[in-house]
Structures are given as C-alpha cells and as structure tokens.
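The values are calculated or read from the model by the stated rules, or taken from the named source; none is laboratory data. Bear in mind that the values here come from a model prediction, so they are computed numbers and not experimental data. Don't worry about glycine lacking a Cβ; one is built from the backbone with ideal geometry, like all the others, and counts go over all protein chains shown. Ligands, DNA and RNA are stripped out before the accessible areas are found, and what is left, the full protein with its side chains, is counted by its heavy atoms. Shrake-Rupley method; radii C 1.70, N 1.55, O 1.52, S 1.80 Å.
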Amino acid sequence: MPPHDQKLIAPLFNLVDDSNSTLLSIGEVVTSYFGTTFEFFTFVENAAMKLTGDHVEEINEHHVGGWTEMITTSKPPIPNTPLSAYMDSFALAKHVLAYSNTKIKEVVGYKLKEPFFNHETIKEVIDKWKEEGSWPNLD
C-alpha cells in the first residue's frame with residue numbers, strides 16, 4: 001500500500017465497442033431486429049412540444065402501455081422486472097458524446113468479445129434477460 005501522502009496516477013479507460021454508434025444507427029439496428037420503425041420529430045413538432053411541455057408524457061403513455069401489455073401477456077407473466085419503457089426528459093434530450101476504446105486496446109491489449117452492436121448482440125442480451133425472467137416470452 002502506498003503512503004497516504006503519495007499522489008497516485010491511474011489510467012482512465014473507456015469500455016465501448018467499435019461501432020461508433022449514433023442514435024440513428026442504434027435505432028436502425030434495434031428496429032430492424034424487432035421489425036418496427038422509429039422516427040425523429042420534425043423541427044416544427046419539436047418546437048410545438050417544447051411549448052406544451054407534455055411530449056414526454058405522451059411518449060411514455062404510448063410505450064409504457066405497450067411494455068406493460070407485453071410483460072402481463074408473457075408466458076409466464078413477468079410481475080417484476082428491472083427493465084422499463086419509461087423515459088424521462090433527460091433520456092429524450094439531445095446529448096453529444098464520443099468515447100474511444102483505443103487507449104485500453106493499446107495499453108492493456110484488451111480484445112472485445114463483441115466488437116459491434118448488431119442483431120446477434122441484441123439477441124444474446126434478450127436471451128439472457130428471458131433466462132432470468134426479466135424479458136417477456138411472447139412466442
């Protein structure tokens with residue numbers, strides 16, 4: 001153990017895949033996996049919702065209701081799950097983030113098991129959630 005007055009320096013690593021994902025690319029992969037669609041609000045729709053302030057409630061009414069139906073009609077039903085379709089205003093706001101995994105790969109030699117976000121990785125996660133009883137089984 002180093003002395004209490006010694007300044008310690010440790011590297012900071014970002015653990016992200018190699019996908020260089022954007023909201024659009026993630027949305028396209030997820031919606032194509034589930035066979036659904038998504039869309040962004042237009043400038044006019046976005047401005048109108050900012051004035052009324054009720055867009056988050058409307059979005060949640062639509063999605064939370066669908067999720068609730070899925071977990072209650074699941075075979076077997078799922079009374080408790082840590083997963084939720086609820087979105088708060090922060091989750092729906094525009095954020096710009098960019099992370100790189102280059103440092104951990106170069107310094108530590110880290111190799112990703114799943115380097116890209118795709119249908120296979122979605123299926124793997126959903127299968128694990130189904131095993132633990134957190135994701136509805138609608139088959």
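Here are the numbers for this structure:
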read-out: Test set (1) free of Cβ contacts under 8 Å to residues at least 60 places away in the same chain; (2) more than 15 Å from the chain's Cα centre (by Cα) - Ala85 fails condition number; value: (2)
read-out: Some residue of the stretch 93-100 being more than 25 Å from Leu12 (Cβ to Cβ) and either under 15 Å from the mean Cα position of the chain (by Cα) or touching a residue at least 40 places away in the same chain (Cβ under 8 Å) (or both); value: yes
read-out: Count of residues meeting criterion [loosely packed, with under 13 Cβ neighbours inside 10 Å, closer than 23 Å to Leu83 by Cβ and among the charged types (D, E, K, R)] in the stretch 94-123; value: 3
read-out: Selected residue (only one of Ile126, Ile104 is in a helix (DSSP H, G or I) and touching a residue at least 24 places away in the same chain (Cβ under 8 Å)); value: Ile104
read-out: Residue identified as at pLDDT below 90, open to solvent by 70 Å² or more (accessible area, probe 1.4 Å) and over 26 Å from Leu15 (Cα atoms) among Glu69, Glu57; value: Glu57
read-out: Positions within the stretch 60-94 being outside any helix (DSSP H, G or I) and aromatic (Phe, Trp, Tyr), in sequence order; value: Tyr86
